[in-house]
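The values are calculated or read from the model by the stated rules, or taken from the named source; none is laboratory data. Because the structure is predicted, anything quoted here is derived from the model rather than measured. All Cβ positions, glycine included, derive from the backbone under ideal geometry; neighbour counts span all protein chains shown.
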Amino acid sequence: MARYEHLNVYKEVYNLSVSLFFNVSKFDRNYKFTIWSKITEIIIEILELIIFLNNLELKDRKKYFLDLEQKLEKLTIFINIANDLKILWKTQNYLEYLEILVKVKKMVKCWNK
């Protein structure tokens with residue numbers, strides 16, 4: 001079993017979280033404690049779930065992949081909301097975030113097989 005730090009899916013989500021945390025200072029104060037707190041909560045849950053899944057036996061992982069996919073979808077929704085409210089620092093960040101999320105979703109599907 002690979003250590004979670006070596007998993008590409010973990011690396012992608014970790015890099016996304018670092019980028020999101022870096023951009024928190026640019027969020028409007030009105031949204032820092034609503035949308036931003038939800039985004040950070042979800043991304044931390046995703047990282048924890050990846051670590052948890054990596055430590056499980058193969059036969060026990062199936063039931064947790066659905067939870068991981070749902071959390072990724074929630075994160076996508078909140079990033080879309082942040083973009084629509086124009087609270088992301090740049091449109092380029094939004095596009096990069098979506099690109100990373102699509103890549104991560106594909107990785108999770110492959111990991112699940």
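Can you give me the number of residues within segment 23-49 that are assigned to a helix (DSSP H, G or I), more than 15 Å from the chain's Cα centre (by Cα) and aromatic (Phe, Trp, Tyr)? Residues flagged as assigned to a helix (DSSP H, G or I), more than 15 Å from the chain's Cα centre (by Cα) and aromatic (Phe, Trp, Tyr) within segment 23-49 amount to 1. Out of LYS105, LYS74, one residue alone is within 14 Å of GLU12 (Cβ to Cβ), modelled with pLDDT of 95 or more and within 10 Å of the chain's Cα centre (by Cα). It is LYS105. Pairing residues of segment 50-72 that are without any contact (Cβ under 8 Å) to a residue 40 or more places away in the chain and part of a helix (DSSP H, G or I) with residues that are of a type in the set (Val, Ile, Thr) and surrounded by 14 or more Cβ atoms within 10 Å (Cβ to Cβ), at Cβ distances under 6 Å and at least 6 apart in sequence or on separate chains, gives LYS71/ILE42; LYS71/ILE46. Please enumerate the residues belonging to segment 2-46 that are touching a residue at least 24 places away in the same chain (Cβ under 8 Å), among the polar types (S, T, N, Q) and within 22 Å of VAL108 (Cβ to Cβ). Listed by number, the residues that qualify are ASN8, ASN15, SER17, SER19. Could you say whether any residue in segment 26-42 is crowded, with 17+ Cβ neighbours inside 10 Å and under 21 Å from HIS6 (Cβ atoms)? The answer is no, given that none of the residues of segment 26-42 is crowded, with 17+ Cβ neighbours inside 10 Å and under 21 Å from HIS6 (Cβ atoms). Just one of (1) in contact (Cβ under 8 Å) with a residue 40 or more places away in the chain; (2) part of a helix (DSSP H, G or I); (3) of a type in the set (A, V, I, L, M, F, W, C) fails for LEU88. It is (2). Scanning segment 1-20 for residues that are in a helix (DSSP H, G or I), at pLDDT 85 or above, within 17 Å of LEU68 (Cβ to Cβ) and not polar (S, T, N, Q) yields VAL9, TYR10, LYS11, GLU12, VAL13, TYR14, LEU16. Do the conditions hold for LEU47, that is, is it in contact with a Ser or Thr (Cβ under 7 Å, 6 or more places away or on another chain), surrounded by 15 or more Cβ atoms within 10 Å (Cβ to Cβ) and not acidic (Asp, Glu)? Judged against the criteria, LEU47 is a match.
Within segment 80-102, none of the residues are modelled with pLDDT of 95 or more and basic (Lys, Arg).
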